[in-house]
Amino acid sequence: MIMKNLKAMMLVVCVVLQVVNGEHEMRCVPKEREALLQFKAAIDDRYGMLSSWTTPDCCRWEGIRCSNLTGHILSLDLHGEYWNFPPRYMSGEIHKSLMELPQLQYLNLSSNYFPHTPIPDFLASLTNLRYLDLSSSQFAGKIPSELASLSRLKYLNLSSNYYLEGSIPHQLGNLSQLQYLDLSGNSFEGYIPSQFGNLSNLRKLYLGGYDSALKIVPADQWLSNLVSLTHLSLESIYNLDSSPSSLRMIAKLPKLRELILINCGLSDHFLISFNPSNFNFSISLSVLHLSQNSFTEPMIFHWVSNTTSNLVELDLSSNLLEGSYISFWFRHDFA
């Protein structure tokens with residue numbers, strides 16, 4: 001009996017040592033392996049991004065990261081290189097078998113090629129997601145409002161898909177944990193949802209650009225609630241010049257470091273109407289991009305220097321400035 005107990009204890013010790021030394025690794029969950037194989041079967045993988053997806057242990061496959069304790073898949077990083085040369089990307093169908101990955105926290109399908117494909121609404125069932133990147137993959141249609149149920153999401157990037165359209169779902173304002181939101185480079189229209197004011201943890205926000213017809217609601221207070229914001233881009237928000245209250249709220253954001261107001265129809269008259277004696281940007285602002293607007297007078301340089309205190313980078317390219325003020329890139333230390 002003593003010998004049997006001793007052997008059993010030795011066996012337990014050996015197993016523990018194997019785990020500590022990395023000699024014994026948890027294999028992936030069979031059901032999740034099958035889900036990945038269904039996903040692979042629906043993909044056109046002409047560049048072999050999923051060529052390693054053949055061995056028994058899916059936790060060793062390219063792009064997969066599993067929990068060391070449970071074997072559940074935590075991360076699926078299948079970003080392509082569609083815009084590179086030589087390219088490397090996937091196309092085809094995004095199979096709903098991904099719903100069988102309940103512990104998934106990270107999903108990156110950016111820079112692939114899914115033309116005319118709507119963003120799958122079943123992604124909303126992946127309620128443990130913290131990171132979702134579907135940028136630069138030619139997705140089309142509207143943003144599924146169901147994505148608002150991803151309450152743990154901290155990073156959402158849907159930028160540069162071009163054929164995304166319609167209005168931005170106001171339900172995205174429920175994603176209170178978001179720290180990064182990029183919806184730029186699409187064809188959205190309508191007003192920026194005032195519910196974005198609920199995103200008080202947001203640090204980086206990128207809206208507009210490309211063929212955007214987005215507008216900002218004049219006198220709306222949502223911007224003033226984004227007190228954690230460090231980077232803000234409102235490219236091609238054409239009615240910004242008729243909403244001076246929006247610029248006043250932006251100027252008061254205490255942590256804002258980078259402000260991009262490209263192609264917003266801004267003019268000398270609009271900005272100079274803000275008297276530097278009662279209007280100043282936050283001292284945190286160091287980068288200001290005002291290119292592709294309608295500035296004509298050199299006094300814009302004086303206005304900027306009088307309303308900012310720590311600016312190190314100013315872009316006024318592609319305006320209507322003449323003579324010595326024409327510049328592709330104006331950079332100056334105002335401190």
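The values are calculated or read from the model by the stated rules, or taken from the named source; none is laboratory data. Owing to the predicted nature of the structure, the values given are computational and were not obtained by experimental measurement. Backbone-built Cβ (ideal geometry, glycine too); neighbour counts: all protein chains shown. When the accessible area is computed, the model is the full protein with side chains, heavy atoms only, and any ligands, DNA or RNA have been set aside. Shrake-Rupley method; radii C 1.70, N 1.55, O 1.52, S 1.80 Å.
Heavy atoms only, probe 1.4 Å: what % of the accessible area of the range 184-231 goes to carbon and sulfur, would you let me know? Summing carbon and sulfur atoms, their accessible area is 42 percent of the total for the range 184-231. About its Cα centre, the chain has a charge dipole of approximately 1280 debye under the convention of +1 per Lys or Arg Cβ and -1 per Asp or Glu Cβ, with nothing else charged. Per residue, the chain exposes 49 Å² of solvent-accessible protein surface, assessed with a 1.4 angstrom probe and all protein chains in place. Other residues within the sphere of radius under 14 Å centred on the Cβ of Ser246, judged by their own Cβ, net out at +1 (K and R +1, D and E -1). Projecting the Cα atoms of Tyr191, Leu229, Cys66 onto the charge dipole of the chain, computed from C-beta unit charges around the Cα centre, puts Cys66 farthest toward the positive end. Of all complete DSSP H helices in the chain, those with a Cα span along the helix axis of 18 Å or greater and a mean Kyte-Doolittle hydropathy of -1.0 or more are 2-20. The dipole here belongs to the range 211-311: it is taken about the Cα centre, uses +1 on the Cβ of Lys and Arg and -1 on the Cβ of Asp and Glu, and is about 360 debye.
Each label point was placed 7 Å from the Cα along the Cα-to-Cβ direction; for Thr127 and Asp44 their separation is 3.6 nm. Protection proxy ranking, highest mean first, for peptides 129-136, 85-92, 165-172: 129-136, 165-172, 85-92, where packing is the per-residue count of other beta-carbon atoms within 10 Å, averaged. Per residue, the convex hull spanned by the Cα atoms of the range 121-267 measures out at 90 cubic angstrom.
Ordering of 294-304, 252-262, 153-163 by packing is 153-163, 252-262, 294-304, highest average first (other Cβ atoms within 10 Å, averaged per residue). Of all aspartates and glutamates in the structure, the ones whose alpha carbon falls short of 14 Å from that of Lys31, not counting any fewer than 8 places away in one chain, are Asp57, Glu100. Per-residue 3J(HN,Hα) values for the range 98-105, derived from phi via the Karplus relation 6.51 cos²θ - 1.76 cosθ + 1.60 with θ = phi - 60°, read 4, 5, 7, 10, x, 9, 4, 10 Hz in sequence order (x marks Gly and Pro). Antiparallel beta bridges, as assigned by DSSP with both residues in the chain, represent about 15 percent of the total such bridges. Net charge of the neighbourhood of Leu226, taken over other residues with C-beta under 11 Å away and scored Lys/Arg +1, Asp/Glu -1, is +4. When a 1.4 Å probe is rolled over the protein heavy atoms, the share of accessible surface on the range 49-182 that falls to carbon and sulfur comes to 48 percent. Cross-link reach is defined here as a Cα-Cα straight distance under 14 Å, omitting same-chain residues fewer than 8 places apart; for Lys96 the aspartates and glutamates meeting it are Glu32, Glu34, Asp121. What is the sum of charges around His289, taking Lys and Arg as +1, Asp and Glu as -1, for the other residues whose C-beta is under 11 Å from the C-beta of His289? Charge balance in the 11 Å sphere: -4.
Given (i) 188, 36, 31; (ii) 78, 46, 37; (iii) 93, 46, 37 as candidate values of Cα extents along the principal axes in Å, which corresponds to the one derived from the coordinates? Looking at Cα extents along the principal axes in Å for this model, the match is (iii).
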